[in-house]
Amino acid sequence: MVGAEALSSTRVDIDTSGHDTLPHMPTTSVHVAEHIARPAVEVYQYVSDPANLAHWASGLGNGVEQVDGEWQLDTPGGRATVEFAPQNPHGVLDHRITLPEGVVIEVPMRVLEHGPDDAEVVFTVRPLAGMSDEDLAQDVAVVTEDLQRLKAVLEGQPVS
């Protein structure tokens, strides 16, 4: 990984480990990280509950509700579903988003422990087929804002 850009306490790392075989597609995944002054287990419990998405993940969508056992949310393109990895002791928050048109997006996400009252949330933004570098940068900016909002919510700060 190279290049860490400071955005308040948010860190953005760019993985440049090759993916040069897909034409017209950004060649990197971007890892966005935010430190949160709360125990990792508390951060994990909060983030792993899809009912809380509306409080911190506005970039994903809004109107989050459980319908027939599925977590659904409103996106600009219509209703999407989100499914998190099963509860686990490792901080794995990978999730699958199924867009209204049936496209499935796999999202790697982790909560890492950095001490008894310090956690780091790492969200990997992966380029989609046909995505421009500018579109990827916009997605990174949205995820950065969402993780900053998550930090504010969990640390009891005002949310903008």
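The values are calculated or read from the model by the stated rules, or taken from the named source; none is laboratory data. Since the structure is predicted, the reported quantities are computational estimates derived from the model, not experimental observations. In this analysis, Cβ positions are derived from the backbone assuming ideal geometry, glycine residues included, and neighbour counts consider all displayed protein chains.
Quick notes on this structure:
- For beta carbons closer than 7 Å, sequence separation of 6+ or different chains, a first residue in the stretch 125-153 that is under 29 Å from ARG38 (Cβ atoms) and a second that is of a type in the set (Phe, Trp, Tyr), the qualifying pairs are VAL143/PHE123; ASP146/TRP56; LEU147/PHE123; ARG149/TRP56; LEU150/TRP56; VAL153/TRP56.
Rundown of residues vs (1) under 15 Å from the mean Cα position of the chain (by Cα); (2) among the charged types (D, E, K, R), yes/no style:
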{"residue": "VAL64", "(1), (2)": "no, no"}
{"residue": "GLN72", "(1), (2)": "no, no"}
{"residue": "GLY77", "(1), (2)": "no, no"}
{"residue": "PRO100", "(1), (2)": "no, no"}
{"residue": "ILE105", "(1), (2)": "yes, no"}
{"residue": "GLY115", "(1), (2)": "no, no"}
{"residue": "ALA141", "(1), (2)": "yes, no"}
{"residue": "LEU147", "(1), (2)": "yes, no"}
{"residue": "GLU155", "(1), (2)": "no, yes"}
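- GLN45 passes every criterion in (1) surrounded by 12 or more Cβ atoms within 10 Å (Cβ to Cβ); (2) part of a strand (DSSP E or B); (3) among the polar types (S, T, N, Q) apart from (2).
- In the stretch 81-92, the residues that are at pLDDT below 95 and buried (at least 17 other Cβ atoms within 10 Å of the Cβ): VAL82, PHE84
- Candidate set: the stretch 111-148, residues that are part of a loop (DSSP other than H, G, I, E, B) and of a type in the set (Asp, Glu); chosen: the one nearest to THR28 (Cα to Cα): ASP118
- Of all residues in the stretch 93-130, those satisfying the criterion of being at pLDDT 95 or above, farther than 19 Å from GLY59 by Cβ and of a type in the set (A, V, I, L, M) are LEU112, ALA119.
- Test: VAL103 is without any contact (Cβ under 8 Å) to a residue 60 or more places away in the chain and surrounded by 17 or more Cβ atoms within 10 Å (Cβ to Cβ): no
- Taken over the stretch 59-110, the criterion of being small (Gly, Ala, Ser), farther than 25 Å from GLU34 by Cβ and not in a strand (DSSP E or B) is satisfied by GLY69, GLY77, GLY102.
- Within the stretch 43-70, residues that are on the phi > 0 side of the Ramachandran plot reach partners that are part of a helix (DSSP H, G or I) and crowded, with 18+ Cβ neighbours inside 10 Å with beta carbons closer than 9 Å, at six or more positions or on different chains, in the pairs GLY61/LEU53.
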